[in-house]
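Notes follow the structure.
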């Protein structure tokens, strides 16, 4: 069967490829979504490469290799259920891994309980995280059926959009350099410093900033992709912690009317960060996928 499947790289997704890409992605990881315009934009900027598997002109699998401007590469492979176990995933994966320079880490995610996906990752040399691995990441999602908490405005928290219009982004730098609750500072926050337009890609109403008096002490970055809203980072400086600001920032997003018709609300945490894991779970987030990675030699 694999002989009749054609592998190729796409320099720009056509409308039909975009539709197939979104369908495959939604079937595999519905809590992760990327608009076609953003995908094509990342390809044009040299930050993402997309590979497609086609049979009789129909897309039956896809893979992306992102983070081409970062110290690590971000991997995703999806194959239509009817074409799984036929070597399509391996055929997509191998040319992508060949593009990764020696010494560069490659990481991705596999759904919790997706044992076939875990076996696939291990077969290709990836190390799949376990619950005991306190240094790796876990993706969490607020399921579509979970009731949203009531919106209770906190005077210490304001929407990012209205604040940026008045003060600009310079004041965020000191907070960004402080400790991060959700992700190591070399992940999304490092990406912000290297990427023009990062703040413009955030949702101005769902993202927020936090204050202690008149002093900016924290923020949460949130991005919307179609029916998925993703909390990228929640940051509070050490001196302002244990005052409920992390909860206030996340609640601003989780309870916001601006969520509208979003089906999925997602976030991510370092496994060993007990406070943020407890906060996420108290807000209703559940584990949906774990990261796999190959460490640089």
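The values are calculated or read from the model by the stated rules, or taken from the named source; none is laboratory data. Fair warning: this is a prediction, and the values are worked out from it, not measured in the lab. Heads up, the Cβs are rebuilt from the backbone with ideal geometry, glycines too, and the neighbour counts pull from every protein chain shown.
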Tell me which residues, restricted to segment 51-62, are within 15 Å of residue 22 (Cβ to Cβ) and in contact with a helix residue (DSSP H, G or I) (Cβ under 6 Å, 6 or more places away or on another chain). 59, 60, 61, 62
Among the residues of segment 141-154, is any modelled with pLDDT of 75 or more and touching a strand residue (DSSP E or B) at 6+ places or on another chain (Cβ under 9 Å)? yes
I need the full set of residues from segment 243-283 which are at positive phi and modelled with pLDDT of 85 or more, in order please. 244
Condition (residue is surrounded by 19 or more Cβ atoms within 10 Å (Cβ to Cβ), part of a helix (DSSP H, G or I) and under 19 Å from the mean Cα position of the chain (by Cα)) applied to segment 261-269: is it met by at least one residue? no
If residue 102 meets every condition in (1) assigned to a helix (DSSP H, G or I); (2) at pLDDT below 80 apart from one, which number is that one? (1)
When residues of segment 97-109 are filtered for being touching a residue at least 12 places away in the same chain (Cβ under 8 Å) and more than 20 Å from the chain's Cα centre (by Cα), how many remain? 5
Anything in segment 194-253 that is in contact with a strand residue (DSSP E or B) (Cβ under 6 Å, 6 or more places away or on another chain), in a loop (DSSP other than H, G, I, E, B) and under 16 Å from residue 155 (Cβ atoms)? List them, or say none. none
